[in-house]
Amino acid sequence: MILQFKLTPTIVGLMFLLSGGVYTITAPFWSIIIEKFNCSKAIIIFGIMAVIFSMIIIGPSPVLNSKKNLGWIEIALGVLGLAGSALYIPTFQMSINAIREYGYDESFQTYGSISGLFQSAYSFGSFIGPTIGGLCVHWIGFPWTTTIIALLNVIAIFTILFFYAAFGEISSFNRQKSGHNH
């Protein structure tokens, strides 16, 4: 991409900053929205849809039959940062809410345990994602790899919607039925 668009190292650095910068700016707003409207699930669905959009544009997906466009890539990177915060913040909040539902007290130990578990999962994903992604880019190319990532997110949306439609509030239903409450 550096050669294709004749980008300077500074511009490339700013493009890498774009996603993280948007994430940093938007993360506090998701927290406020979640607290005010209790809409974590809707924000997660929005985040997944934003990832789908971003991956299709960044590739660009061969399905679109379009050429790389620097402006669209920049927009998609910004949307990807927005998606990251829309996925990370409500998921963490839902983890905290789930532990409260099980009767654990609100203490530094509880929050530390959730944070440690959450960060471990995030770090594992940060390792396995680029590893598998790198292999996919090597075998099928970057555009098809981003298309597959988008497709996996489409599958995730349908899976989530299926479970919500079939079971509603899964955690509360299961505990009330089984009588397990820690």
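Since every read-out is calculated from the coordinates, none of them should be taken as a lab result. The model shown is predicted, which means the values in this text are computed figures rather than measured ones. Here Cβ is always computed from backbone atoms with ideal geometry, including for glycine, and neighbour counts include all displayed protein chains.
The C-alpha atoms of the chain define a longest principal axis, and helix 108-140 lies at about 30 degrees to it. The local environment of TYR111, defined by Cβ-Cβ distances under 12 Å, has a net charge of -1 under the rule Lys, Arg +1 and Asp, Glu -1.
The average projected area of the stretch 14-178, computed from the convex hull of its Cα atoms over all directions, is 11.6 nm². Ranking GLY116, PRO90, GLN4 by how far each Cα lies toward the positive end of the dipole of the chain (charges on Cβ) leaves GLN4 at the top. Using C-alpha pairs under 8 Å with a sequence gap of at least 6, the mean separation divided by the residue count of the chain gives a relative contact order of 30 percent. For the chain, excluding the exposed loop sites themselves (trypsin sites (Lys or Arg not before Pro), DSSP loop, at most 11 other Cβ atoms within 10 Å), the longest remaining stretch covers 68-182. Normalising the average separation of contacting C-alpha pairs (under 8 angstrom, six or more residues apart) by the number of residues puts the relative contact order of the stretch 28-127 at 31 percent. Put in order of Cβ neighbour count within 10 Å, fewest first, the listed residues GLU74, GLU101 become GLU101, GLU74. The local environment of GLN4, defined by Cβ-Cβ distances under 12 Å, has a net charge of +3 under the rule Lys, Arg +1 and Asp, Glu -1. Counting only alpha carbon atoms, the long axis of helix 70-101 and the longest principal axis of the chain meet at about 10°.
Seen against the Cα atoms of the chain and their longest principal axis, helix 142-167 is set at about 20 degrees. Summing Cβ point charges (Lys, Arg +1; Asp, Glu -1) relative to the Cα centre of the stretch 14-178 gives a dipole of roughly 300 debye. Across the stretch 25-32, computed HN-Hα scalar couplings (Karplus, 6.51 cos²θ - 1.76 cosθ + 1.60, θ = phi - 60°) run 6, 8, 3, x, 5, 4, 4, 5 Hz from first to last residue, x flagging Gly and Pro.
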